[in-house]
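Take a look at the structure below.
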Amino acid sequence: MAGIGWKLQRMIDHGSLAGTIAAYLTGVAVTSAPWLLTTAVLTSLRIVSRHATGDFEGVERFLTVLYAVTVVVSAPIHVVVSRYTADRLYDRRVDRIAAPLRRAAALTVAGFALIGIILAVVLRLPLALALVGVPLTAVIGAQWLMLSVGGGMMSPVVLLRAFCVGAPLSLFAALIVERMAPAGGAGYLFGFAAGQLITLALLVRGVARALPPVTDESARLLPSFVEYRLLAISAFAYYMSIWADKIVVYLVMGGDAAAFYAAIGAVAWFSVIPAFAWIYVQVETAFYQRFRNFYVELEGGAPLRELKQHAERISIEAKRILRGAAAVQMAGTALAVAAAPRIVAAVGLSPNATPLFRVAALGAGLQVFSLLEVLLLTYFDLRRDALIICGCLLAGVTALTCVCAAIGWPPVFGHLVACAVSAVLGLALVRRRLSTLVLDTFQSQPFGVA
């Protein structure tokens with residue numbers, strides 16, 4: 001999302017507290033807004049269901065599965081589309097973005113509508129819920145696509161407005177519709193979908209205004225899926241790792257245990273929001289500037305001595321971001337661990353969830369640290385290394401969760417160990433690659449090709 005870096009930097013360079021806060025809120029919106037909203041909705045559903053009648057349990061189950069499926073299935077698409085967009089911004093061919101994006105958006109809406117139908121059948125939703133749930137699935141899928149592209153193109157103010165308007169409206173509309181026209185879970189879901197549709201409309205409008213009026217209709221996105229296939233697989237593996245342990249718990253321990261475990265994990269991920277925002281802003285500003293300077297000098301034929309100096313600056317900046325992310329996440333995790341009893345009570349979970357929540361918060365922090373390592377490696381086009389980390393994470397979470405479930409241990413411990421191993425592996429790969437950045441860069445050039 002390199003296109004947004006200078007806008008974030010300008011906000012921070014104003015020197016005002018408001019500008020800095022706005023920059024980090026943009027990071028929250030880009031990295032966390034959809035799943036943050038989903039978790040808030042699931043929490044509000046637990047509260048509403050205590051004082052109303054209706055199939056709120058079905059709505060909660062549907063939204064949980066909807067979020068999981070849209071995140072995992074859309075991840076390979078979005079990472080390729082965002083990389084394609086970043087490449088076009090880098091080579092100043094913005095006119096080649098609109099046409100592929102239109103086609104990708106149309107296929108996304110159609111594809112996720114079909115997924116919504118499949119989910120409605122598999123989950124045996126009542127007709128009233130299915131009529132709202134199917135279009136909502138398409139809306140959420142399209143939201144992720146617009147966010148992946150718009151995060152690098154539109155103004156941070158426009159992006160923040162889309163979620164600051166749509167997110168509260170989704171919650172208020174859901175509650176108002178449920179109160180004024182009681183229809184159980186279907187009414188709540190209808191109000192929520194209306195707010196999400198407004199968010200999508202604002203995102204589409206923001207992206208459309210950022211695109212030039214002249215469009216190259218010959219531009220194609222398919223070659224990027226071939227070129228960046230390893231990135232697509234890495235994205236799928238990483239996001240699948242977030243849900244793999246829940247699937248294992250469902251298959252081994254049943255639906256009730258899986259719902260309880262998923263609720264703990266969803267709330268634990270709130271502790272990573274500050275680190276998410278910090279990583280996004282730092283990578284897209286200071287780190288990206290170092291990265292770009294290195295490759296500008298490389299393309300300009302700078303001597304080896306200067307290239308080594310730029311590579312050293314990149315290494316220093318990367319290590320600073322790793323240390324900073326670790327410090328921010330440690331603070332977030334410590335706060336979550338200390339406040340665990342109150343957090344668990346506030347979201348309506350039983351007190352015996354408190355120790356499990358603490359372990360889940362530790363695992364979530366390590367998983368986010370692995371994501372930062374993957375991001376740094378993909379910046380240097382080290383796609384195989386990124387895939388190794390994501391593959392290790394997915395395999396580890398799946399295998400260790402199975403082991404814990406088989407021997408009677410809480411599955412959350414398997415998730416924690418897998419995340420720790422992947423984070424250590426990723427740190428070793430990043431440190432090794434940073435020490436050989438100049439050599440790796442020259443080895444990747446197609447010398448001798450006519």
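The values are calculated or read from the model by the stated rules, or taken from the named source; none is laboratory data. Nothing here was measured: the structure is a model prediction, and the numbers come from that model. As a convention, Cβ positions derive from the backbone with ideal geometry for all residues, glycine included, and neighbour counts pool all protein chains shown. Surface areas here come from the heavy atoms of the whole protein model, side chains and all, with no ligands, DNA or RNA. Shrake-Rupley method; radii C 1.70, N 1.55, O 1.52, S 1.80 Å.
On the given criteria, is A386 buried (at least 23 other Cβ atoms within 10 Å of the Cβ), under 23 Å from the mean Cα position of the chain (by Cα), at pLDDT below 95 and closer than 27 Å to I233 by Cβ?
yes
Working carefully through the options G348, G324, find the one that is out of contact with any strand residue (DSSP E or B) (no Cβ under 6 Å at 6 or more places or on another chain), outside any helix (DSSP H, G or I) and either of a type outside the set (K, R) or touching a residue at least 60 places away in the same chain (Cβ under 8 Å) (or both). Spell out the reasoning first.
On the way: G324 fails: outside any helix (DSSP H, G or I).
Every option except G348 fails the conditions.
Against the definition (more than 30 Å from A263 (Cα to Cα), open to solvent by 40 Å² or more (accessible area, probe 1.4 Å), of a type outside the set (A, V, I, L, M) and in a helix (DSSP H, G or I)), how does R92 come out, yes or no?
No; evaluated as a whole, the condition is false for this residue.
Considering only residues of the stretch 327-338 that are open to solvent by 30 Å² or more (accessible area, probe 1.4 Å) and of a type in the set (G, A, S), which is farthest from F276 (Cα to Cα)?
Out of the qualifying residues, it is A338.
How many residues are farther than 11 Å from D245 by Cα and either open to solvent by less than 50 Å² (accessible area, probe 1.4 Å) or outside any helix (DSSP H, G or I) (or both) if we restrict to the stretch 394-409?
Total meeting the criteria: 2.
Which members of the stretch 115-148 meet the condition of being over 17 Å from V72 (Cβ atoms), open to solvent by less than 40 Å² (accessible area, probe 1.4 Å) and small (G, A, S)?
Across the stretch 115-148, the qualifying residues are A120, A130, G133.
On the basis of being closer than 25 Å to A326 by Cβ, of a type outside the set (D, E), in a helix (DSSP H, G or I) and touching an Asp or Glu at 6+ places or on another chain (Cβ under 7 Å), does L362 make the cut?
Considered against the rule, which asks whether it is closer than 25 Å to A326 by Cβ, of a type outside the set (D, E), in a helix (DSSP H, G or I) and touching an Asp or Glu at 6+ places or on another chain (Cβ under 7 Å), L362 comes out as no.
Does R10 satisfy the condition of being in a helix (DSSP H, G or I), modelled with pLDDT of 75 or more, open to solvent by 20 Å² or more (accessible area, probe 1.4 Å) and not aliphatic (A, V, I, L, M)?
no
Which helices (runs of 4 or more DSSP H) does the stretch 244-308 wholly contain that include 2 or more residues that are open to solvent by 60 Å² or more (accessible area, probe 1.4 Å)?
Those helices (runs of 4 or more DSSP H) span 255-268, 288-299.
Only one of (1) within 20 Å of L221 (Cα to Cα); (2) among the aromatic types (F, W, Y); (3) open to solvent by 10 Å² or more (accessible area, probe 1.4 Å) is not met by F112, so which one is it?
Single failed check for F112: (3).
Go through the stretch 360-383 and count every residue that is within 17 Å of S82 (Cβ to Cβ) and either hydroxyl-bearing (S, T, Y) or open to solvent by less than 10 Å² (accessible area, probe 1.4 Å) (or both).
Matching residues across the stretch 360-383 total 5.
Have a look at A167, A162, A232, A219 and point out the one that is part of a helix (DSSP H, G or I), open to solvent by less than 30 Å² (accessible area, probe 1.4 Å) and modelled with pLDDT of 85 or more. Show your work before the answer.
Details: A167 fails: modelled with pLDDT of 85 or more; A162 fails: modelled with pLDDT of 85 or more; A219 fails: part of a helix (DSSP H, G or I).
Step by step, each of A167, A162, A232, A219 is checked, and only A232 is part of a helix (DSSP H, G or I), open to solvent by less than 30 Å² (accessible area, probe 1.4 Å) and modelled with pLDDT of 85 or more.
Just to check your reading of the model, which residue among L89, L107 is at pLDDT below 80, of a type in the set (A, V, I, L, M, F, W, C) and under 29 Å from P213 (Cα atoms)?
On the way: L107 fails: at pLDDT below 80.
Exactly one of L89, L107 is at pLDDT below 80, of a type in the set (A, V, I, L, M, F, W, C) and under 29 Å from P213 (Cα atoms), namely L89.
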